[in-house]
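Here is the structure we will look at.
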Amino acid sequence: MRVLVAGASGFVGSRVCPALVRAGHDVAAMTRKPGDYAGAGDAVYGDVADEASLDDALEGAEAAYYLVHSLQDNDFEQRDADAARAFGAAAARAGVGRIVYLGGLGDDNDELSAHLRSRREVESLLGEAGVPVTALRAGIVVGHGGISWEITRQLVEHLPAMVTPRWAQTRTQPIAVSDVVRYLVGVLESPETTGRAFELGGADVLTYVEMMRGLARIEGRSPVIVPVPLLTARLSSLWLSLVTDVDVATGRTLIDSMANEVVVRDDAITTLVPFEPLGYDDAVLEALGDRARAGRRSGAVA
């Protein structure tokens, strides 16, 4: 079928496009700079901040993937809400059969962070104009280029010793980006997933400290990790900006989300798109391998 991918150049979108092409779909890769696009599918101009551009981008699409967010912006909640509402309305005008969206895992009964609340709001707004939405909710996605994963990797690789705030003891269920892509492509082949929300997770449930220790073990490192429960979110974000390439605003937004436990409570997706997701160690090895290959292509690894 004809499928539009919004966010085609991003961390997940750049992997979804070739996977959809391999599955036999006609992919329109939506980008603000079609002339610079070198990925899979046919580049089409579209900008979620420019609603008029979305009508042309979505023309002829039978399904659309929405893999866009504005995490780096201070007003990301409003920007993401406006963009989702515009995209959903344009999809309805174009007669799109359904929207597939990748959001954030988190218990609705919990006091969700601004980031996770925004992810859930976008999920709702995309379907406001009547197009059914298939929402996939994931926690930490392990893969080269993912912001949350890069924080983990850079902390472990840059620091022989580190202090960890209370959020480092929060449980999460990390999932390999390759498995996220398998689910994203798989739901398109499963009509039963239309209009439903699903939770995604890998084979292991770990705390953030356990994730860092696991990566350190795989890389042959032995950092000293000292818990400091009173370390504030603001100080944590400043600390991250000093030792990683994640800016303060993004770091603060992600740290606030790390207070929320993000583990799978409902594994219904595993019966509709059946396969065995990778465990954390294998996801790490895959991410490190992708990073090494990217470094060889560019001539250097940062």
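Close amide-amide hydrogen proximity is noted between residue 32 and 46, each under 5 Å apart and 5 or more residues distant or on a separate chain (H modeled in the peptide plane; Pro and chain starts excluded). When the Gaussian network model of the chain links Cα atoms closer than 10 Å, the mean-square fluctuations of 177, 263, 226 top out at 226. When 144, 158 are arranged by Cβ crowding within 10 Å, least crowded first, meaning fewest neighbours, the order is 158, 144.
Estimated purely from DSSP H runs of n ≥ 4, each contributing -39500 (n - 2.57), the mean residue ellipticity at 222 nm for the chain is -13500 deg cm²/dmol once divided by its residues. Can you tell me the relative contact order of the stretch 119-219? Whole percent, Cα pairs under 8 Å, sequence separation 6 or more. Over the stretch 119-219, the number comes to 40 percent.
For the chain, dividing the convex hull volume of the Cα atoms by the residue count gives 125 Å³ per residue.
Relative to the dominant Cα principal axis of the chain, helix 248-257 is inclined by about 90°. As a rough footprinting exposure proxy, the listed residues 65, 183 were ranked by other beta carbons within 10 Å of their own, and the order from fewest upward is 183, 65. Across the chain, the mean sequence separation of Cα contacts (distance under 8 Å, 6 or more residues apart), normalised by length, yields a relative contact order of 18 percent. Could you list 209, 181 so that the one with the fewest beta carbons within 10 Å of its beta carbon is first and the one with the most is last? So the ranking, lowest neighbour count to highest, is 209, 181. Net charge of the neighbourhood of residue 94, taken over other residues with C-beta under 14 Å away and scored Lys/Arg +1, Asp/Glu -1, is -2. Of the beta bridges in the chain, as assigned by DSSP with both residues counted there, near 10 percent are antiparallel.
Bear in mind that the values in this text are calculations on the coordinates, not laboratory data. In this text the structure is predicted, and so the values were computed from the model without any measurement. Quick reminder, even Gly has a Cβ in these numbers, built from the backbone with ideal geometry, and neighbours come from all protein chains shown.
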